[in-house]
Amino acid sequence: MKYILSFVLNGQPVDVLAEPTDTLLDVLREKLRVMSPKRGCDEGDCGACTVLLNGEPVRSCLTLALSVAGQEVMTVEGLSKNGKLHPLQRAFHEHYAAQCGFCTPGMILAAKALLDKNPHPTREEIVEAISGNLCRCGTYQEVLEAVQAVARGEYAEVKE
Amino acid sequence: MKKRGIGISCNTHPAGLKGGGDPSQALIRVKLDGTLDLVIGAVDIGQGCKTILRQIAAEELSVPLEAITLSNFDTDIGLMCTGTFASRVTFIDGNAVIRAARDLKDKIKRFVGSQLGVEPEQLEMADNRVFVRDNPEKGMSMAAIGAAANWGGAILVGTGAFTPGAGQDFDPETGKMTAIASLAFGACVAEVEVDTETGVVDVLKLVQVYEIGRAINPLLCKGQINGGSMMGISFALTENLFPYYPAVDFAPETFSDYILTTAADMPKEMIYDIVEVPHPNGPYGAKGFSEMTASAAPPAILSAIHDAIGVWITDYPATPEVILRALEAKSTS
Amino acid sequence: MTEYVGKPIPRYDGIGHVTGRTTFVDDIHLPGMLYIKVLLSPVHKGIIRHLDVSAAERMPGVAGVITAKDVPGKNAYGLIPDQPVFTPEHIRYKGERIAAVAAVDEDTAMEALEKIKLEIEEQTPVFDPFEAMQPDAPLVRPEGNVWVFNSGTTRKIRLGDVEEGFKQADYIIEGTYTNSTNDHAPMEPQVSVAYIDETDRLAIHTVSQDLYFHLGMLSAIFNLPMNKIRYIGGTVGGGFGAKNDIHCDHVAGLMALKIRKPVKYRLTRHEEMLYTTKRGPWTFEFKDGVKKDGRIVARKVRTIHDTGAYSGMGPYVVDKNAILVAGPFAIPNIWIDGICVYTNKPPASSMRGFGIINGTSAEQLQMNRIAEAIGMDPWEIRFINAWRDGDIGATQFTVVAAGLIEAMKRAAELAGVELPERLKAMSSRGR
Amino acid sequence: MGECIYFAPTEIGEAVRLLAEYREKVTVVAGGTDLLPKINYYQLKPEVLLHIGRLGLDYIKEADGKLVIGAATPTSKLASNPLVAERASALAEAARQSGSAAIRTTATIGGNLANASPAADLATPLLILDAELLLTSTRGNRKVAINDFFVGPGKTVLEPDELLIEVSLPHQKGKSVFLKLGRRKAMTLSVVNVAVRLEMEGAQCKDARIALGAMAPVPLRCTRAESLIKGQVLDKSLIDRCAAEAVAESSPIDDQRATSWYRKKAGTVLVARALARAADMEG
């Protein structure tokens, strides 16, 4: 049976038809064609599908689509404003924190969730925040350095 | 009890297929406004060939990096490349790009020579323009060259191919097979802490140095070194598709049970450096090296475990169980 | 001076990666695209006695079913092309492909798979390479369980006279080492999208690491000239060697050719982990002859590689391993026998540093055990034996631009190890 | 995937009415972190999905001297809540070490218990804290001691029409400790986990609770080991004997994560370490 699901995606209200067994990842990728959350394992173990739900990181592959009704979902598509990259995006790019790029959107959102709550995290706090996102290229050191650079204020938000 | 130990290792790695026979090609053409399209066949699997092959082309042609577009996307247009494997793309495709750039440079000089009425040998290419060596004022910008050539019915395309040699067979009796494209080298020092009661190993520090001929892009090389070592750590300590090998029981099918490293498994100290002994056949002296960054850490880690607890673990991965069993065998012997 | 070479320039495609705009193959959706699921062998070894896909074909939502009968060209691929796209009869590992279904969605395709009637006569598999090498072992391959090189059942490397070397040695040190089976585990699973394009050609979006390598194999499978296949790739979400072998493109291409509609075939993580090519396990048996001064004068290595049910790149990996398993050291007498054995497991193939990482992992432990056995510092034994320019490797290649000593000196410095002056004075430029 | 219907009631009465109506057909979903992999991999084809995330069961409070936790409270809140840290430090620690940040956002305490994994991280701390579970149905409420809740792997005493709505912890004396051994430093399932609570008077143990995870078909309370140290003056040798006894009560298996042999070894070490820490006897 299909249900109308309404939620807020990257600041915009959306309505979409969804089955009860559809995951948020299914709805984002297969129905809304929001492609930054990646399908890596379908069971919450890799982190490539991480999105923010009301500002908190969640696995979109483990989130029932219908359960996000009325809530706010953010993907990497919602990060850059008017073409201006988010500080984390610039820092990831300049620190070579993305190799193949498949884990990158999830990794950036995991880092964003941390910095939004804790703008000046310790090394351990950063490692803890990103340790749920597997990267087989092994970019962890570069991701750490990128997040540290943002936390130090080296990538101030570009004012419009 | 927790015990610490240090271990070392070193390694070497060849670029390309074992006996040659793995060519690559490159093509560069001049667009109407003097910008350039670089067409290759190599696939970017994350290692960054799209980046460094542009760097090489820009360097050879003395044009801004931004002037070069790269495409590698299909077999209608993309050129032949044996593949992105065996640490071969920097060495082999890099050489193909150099040859394509030099070919294009020759053609551009011939074209400009005919336009300016000078011999191509008198021309120099620098700063995104071509000019007469003894009279630098006289010359053409790349934009002017692109317009003149393309609107003038000419086409400026440079092509290049490189092979480290034809594929060689092993001599059946001695295994003689003298071809080898380049050899990069590495050295690694690992420091670990072993919990002697649970067998859990904590890699505290990795020092890694790679001699890679020339780092075309040190940022990307750093990524390979740090990234490869994360794969090396799990090769050494956790990864095993058949935990009861040779039996196939309990083969893991998830990332909960096939254990890769996470950020938390990264040593607190990740120290690296690059040493350069240029290879005579490498592009700017570069050798291929990316794969070997995963192979230096594992024996260093297992040797550090030996240093810590006095037993040699000879079976990878050195899981906590393997370590406890080795400790037990030692105490009963 | 160089302007760009040697500079830390960020990735050309980095902005695409950090914005999520980079298009990976699973990000491609085409109008009317169908989804493929594949019936995989539930047993490790057996013979297909009966296969009936008619009920699946008739199911609503199913666009087509293909089996070995639907392969117009050669039903075999690989560096050594011995693995069928769909097995017509013999099952050699659990997970081998038997039939594929294309349906409106993956759920329907899964239901259709359940309707396929399959009877298999199960046979006794062999998993242990040492057991597989025995004369009475169950046969994984009709031609025998051990790969035959041009030198016979072992890849032979012979440099100098190893037995003579052992006689000169003051110490003989032996060691056996093993590695496990590894999964490449790229974050991007295997996936393929195929369709008939506007020029009536077969187009395939691929995760291949080697477009031209695979194009040749696909051309043979489809029985199409290369220009009738448009093979589109170039951006891969991690390879590590997993994408040096075809896992989806042949199935997707065959289906698109048959039903002439766009199809997507992607592996689940479970399928990827259990049934794709692997880094196969190894056993290394080392015997080294060493002088009191630390010089290694003889090195004998027997290597046994478990390549699974098909050759994949197994024999190639054994060859490559044999070239460098003696390590980056000037050893005058080397004897290597490399063996490649079939077992009823997923085919082993290439993975990052194929053959080399396995060899290094064993050889470097052996080096440290030698150092311990003869009471020498592990740095020193490496410095003494390290290749210099002009040294000869196991297969008689000449070492050019050696840099091991330079790398070791810098590593020692960074690790805070004070090397003795005589080691610091050494260089790869000469002995 | 067949026809599935979905309910997301906002009142408990409505939820239990639906449970009573659809009974075995219902799959209850809270955070979904254990359930969705089964659905995504076609191992489970639910007919009715009942989402309980809107029942107002996300709370941590103190009532009648008890620490009361709503069944739909996410693990991340258990990890960061000061009341939990003060009153149930082993639970807070288990929550901190479970899953990954993104899993903790959604995984709930009720889901972790109702899923009844033998390795469930939150089960062992709740066992040593004498947790009481409140189950409800159209037939009324009932309270079940956590020790009686688990029946086997994936099996609990929950009836098809019942819903777990609340976990309450009596005010406990003593220090509680949770230790977990996984296979890497983050995002790891337990190879073995241990929770211990000791009420000490000087060196004498007045009361003890010991629980082991991933060591038996259910999260296991080790009562024989507890009685070995109750009333005794603790020293290293008694702790070691107690740890051995706790593991002797367990029945670990070989699986993809570890062998039974290793689980027993590591389990013994972890129990001894947890006891020493709880008794403030760490060397």
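Would you mind computing the Rg to Rh ratio of the stretch D:5-51 from its alpha-carbon coordinates, Kirkwood style for Rh? Before the final figure, lay out the partial values.
Details: Rg = 10.8 Å, Rh = 11.0 Å.
Computed over Cα atoms, the ratio is 0.98.
For chain B, modelled as a GNM with alpha-carbon contacts under 10 angstrom, which of B:ARG54, B:ARG99, B:ARG133 fluctuates the most?
B:ARG133
In terms of Cα to Cα distance under 24 Å, which lysines are near enough to B:LYS31, apart from those fewer than 8 places away along the same chain?
B:LYS50, B:LYS105, B:LYS107, B:LYS109, B:LYS138
Too long at a 20 Å Cα-Cα cut-off: which of C:LYS300/C:LYS424; A:LYS81/A:LYS112; C:LYS37/C:LYS228; B:LYS3/B:LYS268; B:LYS2/B:LYS268?
Numbers: C:LYS300/C:LYS424 30 Å; A:LYS81/A:LYS112 15 Å; C:LYS37/C:LYS228 25 Å; B:LYS3/B:LYS268 17 Å; B:LYS2/B:LYS268 17 Å.
Violating the 20 Å Cα-Cα cut-off are C:LYS300/C:LYS424; C:LYS37/C:LYS228.
Using a Gaussian network model on chain B with a 10 Å cutoff between Cα atoms, which of B:VAL200, B:VAL248, B:VAL322 fluctuates the most?
B:VAL248
For n ≥ 4 DSSP H runs only, could you compute -39500 (n - 2.57) per run for chain C, divide by its residues and tell me the 222 nm figure to the nearest 500? Before the final figure, lay out the partial values.
Working: 13 runs with 114 residues, N = 431.
The helix-only estimate for chain C comes to -7500 deg cm²/dmol at 222 nm.
Fewest first, what order do C:TRP282, C:TRP147 take by the number of other Cβ atoms within 10 Å? Before the final figure, lay out the partial values.
On the way: C:TRP282 28, C:TRP147 22.
Sorted ascending by nearby Cβ count, the order is C:TRP147, C:TRP282.
So for B:ARG214, D:ARG277, fewest C-beta neighbours within 10 Å to most, what's the order? Mind dumping the intermediate values first?
Numbers: B:ARG214 22, D:ARG277 17.
Least crowded to most crowded, the residues run D:ARG277, B:ARG214.
Over the Cα atoms of the stretch A:1-56, what is the Rg over Rh ratio if Rh follows Kirkwood?
Working: Rg = 11.5 Å, Rh = 12.0 Å.
So for the stretch A:1-56, dividing Rg by the Kirkwood Rh gives 0.95.
Just grab the label-to-label distance for B:ALA247 and A:GLU157, each label 7 Å out from Cα along the Cβ direction, in nm (one decimal).
Once both label points are built, they end up 5.8 nm from each other.
Taking every Cα atom in the protein assembly as shown, find the radius of gyration and the maximum pairwise distance Dmax, and write them in Å.
In order Rg, Dmax, the Cα atoms of the protein assembly as shown give 31.0, 107 Å.
Please arrange D:MET215, C:MET1, A:MET74 by counting, for each residue, the other beta carbons lying within 10 Å of its beta carbon, fewest first. Let's see the in-between values first.
Values: D:MET215 32, C:MET1 4, A:MET74 20.
Ordered by Cβ neighbours within 10 Å, fewest first: C:MET1, A:MET74, D:MET215.
Bin by bin, in steps of 5 Å, what percent of the Cα pairs in the stretch C:65-117 do you find, going until the bin that has the longest distance?
Bins of 5 Å from zero give 5, 18, 24, 24, 16, 10, 4, 0 percent of pairs.
Any idea which of B:SER256, B:ALA329, B:ILE313 is furthest toward the positive side of the dipole for the stretch B:185-333, if Lys and Arg beta-carbons carry +1 and Asp and Glu beta-carbons -1?
The listed residue farthest towards the positive side: B:ILE313.
Extension gain C:LYS7-C:ILE196, at 0.36 nm per residue separation less the Cα-Cα distance, in nm? Before the final figure, lay out the partial values.
Working: separation 189, 0.36 × 189 = 68.04 nm, distance 4.33 nm.
Result: 63.7 nm gained on full extension.
Taking the 0 to 90 degree range and rounding to the nearest ten, how far is the long axis of helix C:356-374 tilted relative to the main principal axis of chain C, both from C-alpha atoms?
20 degrees
Return the calculated 222 nm mean residue ellipticity for chain B, to the nearest 500 deg cm²/dmol, obtained by summing -39500 (n - 2.57) across DSSP H runs with n ≥ 4 and dividing by the residue count.
On the way: 6 runs with 92 residues, N = 333.
When only DSSP H runs of four or more count, the value is -9000 deg cm²/dmol.
At 20 °C and a viscosity of 1.002 mPa s, what translational diffusion coefficient does Stokes-Einstein give for chain C, taking Rh as the Kirkwood radius over Cα pairs? Give it in µm²/s as a whole number. The partial results should precede the final answer.
Working: Rh = 24.2 Å.
Estimated via Stokes-Einstein, D reaches 88 µm²/s.
Using only the Cα atoms of the stretch A:15-143, each taken as one equal point scatterer with no solvent, compute I(q) by the Debye sum, divide by I(0), and report log10 of the ratio at q = 0.09, 0.12, 0.15, 0.16 Å⁻¹.
-0.24, -0.43, -0.67, -0.76
How big is the stretch B:24-162 along each principal axis, measuring the range of its Cα positions in Å and listing the largest first?
On the principal axes, the stretch B:24-162 reaches 47, 27, 23 Å in Cα extent.
From other protein chains only, count the Cβ atoms within 10 Å of every residue's Cβ in C:185-194, then give the mean. If you can, show how the numbers build up before the last one.
Values: counts 13, 7, 21, 11, 8, 0, 1, 0, 0, 0.
The mean count of partner-chain Cβ atoms within 10 Å per residue comes to 6.
How about D:LYS61: which aspartates and glutamates have a C-alpha closer than 19 Å to its C-alpha, ignoring those fewer than 8 places off in the same chain?
Qualifying aspartates and glutamates at Cα under 19 Å: D:GLU86, D:GLU93, D:ASP130, D:GLU132, D:GLU166.
Under a crude label model (7 Å from the Cα following the beta-carbon direction), how far is D:GLN204 from D:THR138 in nanometres?
5.6 nm
Structure shown: which of D:LYS175/D:LYS206; C:LYS287/C:LYS409; D:LYS66/D:LYS173; C:LYS74/C:LYS94 lie over 19 Å apart, alpha-carbon to alpha-carbon? Don't jump to the answer; show the numbers that get you there.
On the way: D:LYS175/D:LYS206 12 Å; C:LYS287/C:LYS409 28 Å; D:LYS66/D:LYS173 12 Å; C:LYS74/C:LYS94 22 Å.
In this structure, C:LYS287/C:LYS409; C:LYS74/C:LYS94 lie more than 19 Å apart at Cα.
About the Cα centre, and with charges only on the beta carbon of Lys, Arg (+1) and Asp, Glu (-1), how big is the dipole of chain A? Nearest 20 debye, please.
340 debye
Mind checking the full-extension length gain between D:GLU3 and D:LYS230? Use 0.36 nm per residue of separation minus the Cα-Cα distance, one decimal, nm.
Values: separation 227, 0.36 × 227 = 81.72 nm, distance 5.57 nm.
Length gained, D:GLU3 through D:LYS230: 76.2 nm.
Between the helical axis of D:12-22 and the dominant principal axis of chain D, each derived from Cα atoms, what acute angle in degrees is found, rounded to the nearest 10?
So the inclination is approximately 70 degrees.
What FRET efficiency, computed as 1/(1 + (r/R0)^6) with R0 = 51 Å and r the Cβ-Cβ distance, is obtained for A:ASN82 and B:ALA126, rounded to the nearest 0.05?
It comes to 0.85.
Taking R0 as 22 Å, what's the FRET efficiency between C:TYR171 and C:VAL417 from their Cβ-Cβ distance, rounded to 0.05? Don't jump to the answer; show the numbers that get you there.
Working: r = 25 Å, r/R0 = 1.12.
The computed FRET efficiency comes out at 0.35.
Using only the alpha-carbon atoms, how far is helix C:249-259 inclined from the longest principal axis of chain C? Give it as 0 to 90 degrees, nearest 10.
Result, in degrees: 10.
By average Cβ neighbour count within 10 Å, what is the ranking of B:73-80, B:46-53, C:222-229 from highest down?
Working: B:73-80: 18.6, B:46-53: 26.6, C:222-229: 14.6.
Highest-to-lowest ranking by the protection proxy: B:46-53, B:73-80, C:222-229.
Between C:GLU163 and A:SER6, with labels modelled 7 Å along Cα→Cβ, what's the label distance in nm to one decimal, could you check?
Placing both labels 7 Å along Cα→Cβ, they lie 8.9 nm apart.
Percent of alpha carbon pairs in the stretch D:60-169 separated by more than 25 Å? Mind showing how you got there, number by number?
Values: 844 of 5995 pairs.
Looking at the stretch D:60-169, the distances longer than 25 Å represent 14 percent of pairs.
Values in this text are rule-based calculations from the coordinates and carry no lab data. Quick caveat: nothing in here was measured; it's all calculated off a predicted structure. As a convention, Cβ positions derive from the backbone with ideal geometry for all residues, glycine included, and neighbour counts pool all protein chains shown.
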